[in-house]
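Peer 1: Can you keep this structure in mind? I'll have questions shortly.
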Amino acid sequence: MVVPQVGVITALGFASSISGVFSLGLAQAVNTVNRLFVIVLFQSIRFFASLPFSVKYVENPSSIFILSYYLFFSFLPKIESCRSVRRLILFFPFLIIFSAAAWKIVPSDKLSITFLDVGQGDAIHLRLPDRRDILIDGGGVLGKFDIGDKVVIPYLLKNGVSSIDTIFLTHPHYNHIGGLISILKKFKVKRVYCNGQNYNDDLLEQFLQITREKRIPLKYIAYGEKVEYNGVKFHILNPRIMRENIDGNSLVTKLSYGNFAILFTGDIDYNVQDELSTEEMESDILQIPNHGRGEVAPKFLYKVAPKYGIISTKLQVRKLEKKYNKMKFFSTSNNGAIVIRTDGKSFQIEPMRGGKQ
């Protein structure tokens with residue numbers, strides 16, 4: 001439908017250019033007709049783009065899939081000369097289909113946690129050993145630039161994510177919830193956990209509306225609750241009560257896998273950190289609260305006793321590095337995306353810039 005229209009528009013464009021040499025009035029008349037074709041073209045594109053299934057997002061194929069695909073075509077020239085090859089070739093489509101899903105079926109002992117570089121916001125992707133994919137927050141929206149659509153979704157597709165098992169929304173501020181709107185629209189999501197914050201905001205209303213329309217189970221969770229996925233445990237440590245300060249109501253989650261632990265803190269403030277210092281929070285890695293903008297409570301830091309701190313921010317973190325010199329810091333502003341891999345016994349931190357730890 002589009003290509004023939006483009007052909008007509010191109011021809012009329014040439015006609016206008018040539019006729020303009022002899023008569024500007026004639027060129028203007030041709031351009032007026034051409035403008036109508038351009039309008040029809042744009043309307044056609046909008047119509048087809050609005051149809052269901054007009055766009056299908058697909059994740060990157062696995063190495064096994066690519067190998068199987070080319071093996072299939074390497075055998076094609078031999079089909080006519082060899083009967084056994086003709087029989088064998090019948091099984092290749094099944095091999096390709098199987099290989100496309102094989103890596104999702106085969107379990108692993110590795111847990112990976114990726115802090116994406118989304119500026120002054122949070123978007124954290126977890127791939128569990130049983131191949132489930134989990135998101136903690138989804139970045140924000142900066143004007144017309146949707147971080148969820150332009151940063152998080154391309155990352156997920158590049159890493160073979162076709163559906164998301166669970167989304168944890170720490171709190172509904174724009175730089176945590178904004179990117180999740182696009183993600184909810186374009187991915188199959190099995191469940192959503194959030195803190196139940198009552199907040200008059202358009203992004204939160206969109207978020208809740210999409211979960212209702214797509215019938216995604218939504219559960220409010222708070223202090224004391226636990227979520228477990230085959231040995232990967234999420235212990236919810238906050239909120240205990242709903243405060244006026246929305247940041248203070250952020251979900252605080254301690255993830256445990258074997259001997260490894262990491263504490264996700266959202267945007268909790270100094271007072272909440274102080275209150276949490278009575279909890280069992282010892283962790284190898286601490287997500288520095290509120291993107292490193294505020295003070296970290298000494299009692300809180302002492303109780304967590306982390307070896308490493310990770311900050312999702314667009315700001316420089318030199319002051320924090322000097323103040324807490326017993327910790328090694330990584331930040332998305334300095335290191336880009338930060339990947340943590342663990343088998344539950346040891347762990348490795350792999351920043352995109354700055355070298356492994």
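Peer 1: Contact list please: Cβ distance under 7 Å, first residue in the stretch 160-181 and over 12 Å from residue 125 (Cα atoms), second residue modelled with pLDDT under 95 and hydroxyl-bearing (Ser, Thr, Tyr), pairs at least six apart or on different chains.
Peer 2: Once the first residue is over 12 Å from residue 125 (Cα atoms) and sits in the stretch 160-181, its partners that are modelled with pLDDT under 95 and hydroxyl-bearing (Ser, Thr, Tyr) give 160/62; 172/199.
Peer 1: Filter the stretch 29-58 down to residues that are over 43 Å from the mean Cα position of the chain (by Cα) and free of Cβ contacts under 8 Å to residues at least 12 places away in the same chain, then give me how many there are.
Peer 2: Here the count works out to 2.
Peer 1: Scanning the stretch 232-247 for residues that are part of a loop (DSSP other than H, G, I, E, B) and β-branched (Val, Ile, Thr), which turns out surrounded by the fewest Cβ atoms within 10 Å (Cβ to Cβ)? Steps first, answer last, please.
Peer 2: Initially, the stretch 232-247 is screened for residues part of a loop (DSSP other than H, G, I, E, B), giving 239-246.
Within this subset, residues satisfying the condition of being β-branched (Val, Ile, Thr) are 241, 246.
Details: 241: 10, 246: 17.
Once the filter is applied, the top-ranked residue is 241.
Peer 1: Tell me which residues, restricted to the stretch 164-182, are over 19 Å from residue 227 (Cβ atoms), buried (at least 22 other Cβ atoms within 10 Å of the Cβ) and in contact with a helix residue (DSSP H, G or I) (Cβ under 8 Å, 6 or more places away or on another chain).
Peer 2: Residues satisfying the conditions are 172, 173, 177, 178, 179.
Peer 1: Here are the criteria: (1) modelled with pLDDT of 95 or more; (2) touching a His at 6+ places or on another chain (Cβ under 9 Å). Tell me which single one residue 311 does not satisfy.
Peer 2: In the conditions (1) modelled with pLDDT of 95 or more; (2) touching a His at 6+ places or on another chain (Cβ under 9 Å), residue 311 misses (1) alone.
Peer 1: Evaluate the stretch 248-256: report whether one residue or more is assigned by TED's automatic domain parsing to the domain that holds residue 270, surrounded by fewer than 18 Cβ atoms within 10 Å (Cβ to Cβ) and touching a His at 6+ places or on another chain (Cβ under 6 Å).
Peer 2: Looking for residues that are assigned by TED's automatic domain parsing to the domain that holds residue 270, surrounded by fewer than 18 Cβ atoms within 10 Å (Cβ to Cβ) and touching a His at 6+ places or on another chain (Cβ under 6 Å), one finds none in the stretch 248-256, hence no.
Peer 1: If you scan the stretch 285-310, which residues turn out to be touching a Ser or Thr at 6+ places or on another chain (Cβ under 6 Å) and within 20 Å of residue 174 (Cβ to Cβ)?
Peer 2: Matches in the stretch 285-310: 287, 289, 291, 292.
The values are calculated or read from the model by the stated rules, or taken from the named source; none is laboratory data. Treat the numbers as computed from the prediction; the structure is a model and nothing was measured. Every residue, glycine as well, gets a Cβ built from its backbone with ideal geometry; the counts of neighbours run over all protein chains shown.
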